[in-house]
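Heads up: the structure comes next, in structure tokens.
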Amino acid sequence: MAMTSESQPRIGGKIRRLRRQRSISQGALATAIGISPSYLNLIEHNRRKITVELLLKLSGYFGIEAGELAQSDDGQLVGDLMEVFGDDIFADSDITNQDIRDLATNNPVAARATLHLFDKFRAQQQANASTPASTSKSTDLGQPSSTHHQATDAISDFIQENANHFPTLEAAAQRVRHDIDSASDNFETGLRTYLRNVFGLEWRTASLPPGIARRLSPDARILEISNILPAETAIFTTCHHTGTLTASTQINEIIAQSTLPQNDAPALARNVLASYFASALIMPYAPFLKACKEFRYDVERVARQFGTSFEQVCHRMTSLQSPKASGVPLHLIRTDIAGNISKRFSLSGIHIPRHSGACPRWNVYSAFLQPGRINVQLSQMPDGEIYFCIARSFEKGGYRHNAQRRHFSVGLGCHISQASQLIYADGVDLGDTAQIVPIGVGCRICPRMACEQRAHPPANHRFKIDETERAESLYGRI
């Protein structure tokens, strides 16, 4: 029995991701579920409908519920495309939201290629803007002189496409953790013993130059960690280096199988994946998932158990996506006090802006007004979906007198249907519409015409100014 077009799930990307996570070839999966490799390839690109019978076979093969498999995970891709097509260069194009959704669901490969092309265009714009006209040199759009923006966006896409879950790194961290725990009941002591016995490496604290957290001696025999770092940061930094030593093969294989552009992205990916290993080493998957469920995602309580920071726990919570034992699908955003988004990931379905700052109504920004306090918000996106969001601001740096401090806010959340699993929802009437805060993605693509906090007019709209009255906001009456 085939599903109707209305209920047909666009899950090709999810099937492809699950297959790649387990290092399964298209041919092997096709044989296991009784179809041809070519037909599976069409399914993975959302070019063939999937029957209920086939959906059940796939869910059984991957060991997950059919309903979970049937949930499309292309929401972030759709949102990113809408943000891109909201740019002024498409102002004269007759592109509808449905056209964008069709592109994302029917041809996600082309959709992501469109995003990468736009990223290059934006990078070139930034490069041109930063180069004085008198000294500017002609550059090829395919080889922009500035690649940082393109690389960081590529890393965000890479994490999103893998649902921030890397089984081979989990397995590598589990093996190393077993050796550490065998050496001592204390994690730090066991880690020191492991590094000494396996690599002949001595881990020491030292007074390092400002801005340097870790330094390896020229003979690679001494690992110096800055003595002004908080304990949880010092251990994480050491575990990060441990990942470069013990999981380099797995990290290189993950990057080789990716579609990352060959600029700065692979180097950034190695750093990101080493951080993933460090988190998995400090917060092993099974015990961490158990703690999350037992303490109902109480970030501070879980942090105390594992000796980690608030931000480290939030990151680790988003990676609990093993098909056989998964956590709540979460989103994460980190922003600085100027509104620059430095980290973005979403499994909840909420759309986090790709190129612009998020909506000022979002509690990830208001959290700066109440430092150290967890802020709770019911956030409703323009498509009507409601999300349960928490946010907390924190500082980094400033470990010396008069040293500059860096201010950040991290936001974590889930779809409202999952909110009861989080302790922060206790005492919150999730059905009270009066508590819902309408938020958008970015002013350029937000359809909320009467918002008093608009920073820019929406794309494809023009001013209609009534001389007889004045709105509170210039863009509040458009």
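So if we plug the beta-carbon distance of residue 45 and residue 171 into 1/(1 + (r/R0)^6) with R0 = 35 Å, what FRET efficiency do we get, rounded to 0.05?
Details: r = 29 Å, r/R0 = 0.83.
Efficiency, rounded to the nearest 0.05: 0.75.
For residue 97 and residue 301, what is the calculated FRET efficiency with R₀ set at 45 Å and r taken between the beta-carbons, to the nearest 0.05? Walk me through the numbers on the way to the answer.
Values: r = 41 Å, r/R0 = 0.92.
Taking R0 as 45 Å, the efficiency between residue 97 and residue 301 is 0.60.
Counting Lys and Arg as +1 and Asp and Glu as -1, each charge on the Cβ, what is the dipole of segment 325-438 about the Cα centre in debye, to the nearest 20?
My answer is approximately 740 debye.
Anything over 21 Å Cα to Cα? Flag those among 293/324; 14/293; 343/396; 120/343; 14/57; 290/396, in the order listed. Present the calculation step by step, with values, prior to reporting the outcome.
Values: 293/324 15 Å; 14/293 25 Å; 343/396 15 Å; 120/343 19 Å; 14/57 15 Å; 290/396 29 Å.
Those over the limit are 14/293; 290/396.
Along Cα→Cβ, 7 Å out, is where each label goes; now give me the distance between the ones at residue 420 and residue 262 in nm to one decimal.
Computed distance between label sites residue 420 and residue 262 equals 5.3 nm.
How far apart, in nm, are two points set 7 Å out from the Cα along the Cα-to-Cβ line at residue 189 and at residue 290?
Inter-label distance under the simple model: 2.2 nm.
Where the centre of each part is set by its Cα atoms, how far does segment 303-348 sit from segment 31-48, in angstrom?
For segment 303-348 versus segment 31-48, the Cα centre distance is 33 Å.
What per residue convex hull volume, in Å³, do the alpha-carbon atoms of segment 325-438 yield?
Working: hull volume 14.5 nm³, N = 114.
For segment 325-438, the hull spanned by Cα atoms encloses 127 Å³ per residue.
Given R₀ = 41 Å, FRET efficiency for residue 204-residue 89 by Cβ-Cβ distance, to 0.05? Present the calculation step by step, with values, prior to reporting the outcome.
Values: r = 54 Å, r/R0 = 1.32.
Computed FRET efficiency for residue 204 and residue 89: 0.15.
Bear in mind that the values in this text are calculations on the coordinates, not laboratory data. Not measured: the values here are computed from a predicted model. Note that we place each Cβ from the backbone using ideal geometry, even for glycine, and neighbour counts take in every protein chain shown.
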